[in-house]
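Please read the structure below before turning to the comments.
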Amino acid sequence: MKKKVLLMGKSGSGKTSMRSIIFANYIARDTRRLGATIDVEHSHVRFLGNLVLNLWDCGGQESFMEQYFASQKDNIFRNVEVLIYVFDVESRELEKDMHYYQSCLEALLLNSPNAKIFCLVHKMDLVAEEQRDVIFKEREHDLKRCSLPLECTAFRTSIWDETLYRAWSSIVYQLIPNVKALEHSLNYFANVVDADEVLLFERATFLVISHCQRKQHRDSHRFEKVSNIIKQFKLSCSKLGAKFSSMEVRNSVFAAFIDTFTSNTYVMVVMSDPSIPSEATLINIRNARKYFEELENPNSSLNTGGSHASSHHLHHGVAHGHGHGGHGGHGGGMVNGSTHPNQYAGSGGGYHQYAVTGGHPRQQQHQLEQQAHHLTQYLDYHNSNNNATSNAYH
């Protein structure tokens, strides 16, 4: 299933940099060496297995922009699912930027009237922090007014913080065909395992594609922070020829588990019940994998049988009784952690551990430990001041 995504905006607005960070594993400082896009660069990004994003990164030089609205209009604006238009917040040619944006909207009305429209007010890191809210609200208001009769969703973004992941997660969410079934099943899974929160990340980009929250949390940007940190952690592993597999962060009041889930996703499960040991949660994750693998298949009966059918399949797939795997050992069903002794009783403090395979990660152990410690700080769901220590498994 291919979905056409247009990435447009004036030359130098930051389009290619953000694309490279999200889809090509660049880090922010490395984007400085990227050159200007010439004409249109096409890339096909496989997302969640069967979904392919047909990404058109359109060069923003004036000569190219004029061609897009003249000789290339039908080719570029036909069959578009999403338009992402990037504005440089410090542009001195705002009037010209808006003119080109409105030309895009006119072309979409003729060729793809049902396309979803997103505007990114980019390079917000260049604006003084105390002015960011006011400036963004003004730009958002102007963009919504200029977009009529179409609707647009605006985000403020920067390659230097989590706002870029927040925007792209929201955009990609709109393209996932079975997202409602996925959300319903994730909610059911969270309730069964008694998790505070469960997040589903796309495996290659680590964008958040679905989540279930059962307890309130003070940080509304935590998803994007976790995405950013784990992606940097994965890159550090890959530079050493190692492959990131899983991570656990635990202290006396909460535990967070990040593990491979399906062939296209990672899952993060956050627990605050101290009576549930790590072993129980990891078994629950493993026993839910097969169900979620099937759910990712758009032709699966799980996507056509309604929410009740989905819950029924998940219940029978992972919730057969209690104890270590129910009727089938560790592979049989959902584990009720409360029936097990607390493995970490009286442990005080906290720790994080991660599993990587291959390579020689001990050569840069300090760097990996530092990133794992950052993750511990972001995931501290209870303002605990426990000091974390680390154990690595290779």
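Can you find a residue in the stretch 231-242 that is in contact (Cβ under 8 Å) with a residue 40 or more places away in the chain, of a type in the set (Gly, Ala, Ser) and at positive phi? The answer is yes; a qualifying residue exists.
One residue stands out among those in the stretch 256-270 that are open to solvent by 10 Å² or more (accessible area, probe 1.4 Å) and of a type in the set (S, T, N, Q): the one that is farthest from GLU224 (Cα to Cα), which is SER263. A single member of THR281, THR205, THR265 is under 29 Å from PRO177 (Cα atoms) and more than 19 Å from the chain's Cα centre (by Cα), and it is THR281.
Is one or more of the residues making up the stretch 144-159 among the charged types (D, E, K, R), assigned to a helix (DSSP H, G or I) and farther than 21 Å from ASN228 by Cα? There is at least one residue in the stretch 144-159 that is among the charged types (D, E, K, R), assigned to a helix (DSSP H, G or I) and farther than 21 Å from ASN228 by Cα. Within the bounds of the stretch 199-208, is there any residue that is in contact with a helix residue (DSSP H, G or I) (Cβ under 7 Å, 6 or more places away or on another chain), in contact (Cβ under 8 Å) with a residue 40 or more places away in the chain and among the aromatic types (Phe, Trp, Tyr)? Taking every residue of the stretch 199-208 in turn, at least one turns out to be in contact with a helix residue (DSSP H, G or I) (Cβ under 7 Å, 6 or more places away or on another chain), in contact (Cβ under 8 Å) with a residue 40 or more places away in the chain and among the aromatic types (Phe, Trp, Tyr).
Answer yes or no: is there a residue in the stretch 40-57 that is without any contact (Cβ under 8 Å) to a residue 60 or more places away in the chain and not in a strand (DSSP E or B). There is no residue in the stretch 40-57 that is without any contact (Cβ under 8 Å) to a residue 60 or more places away in the chain and not in a strand (DSSP E or B).
The values are calculated or read from the model by the stated rules, or taken from the named source; none is laboratory data. All of these numbers come straight from a predicted model, not from anything done at the bench. Because the Cβ atoms are built from the backbone with ideal geometry, glycine has one as well, and the counts that use them run over all protein chains shown. Side chains included, ligands, DNA and RNA excluded: accessible areas come from the protein's heavy atoms. Shrake-Rupley method; radii C 1.70, N 1.55, O 1.52, S 1.80 Å.
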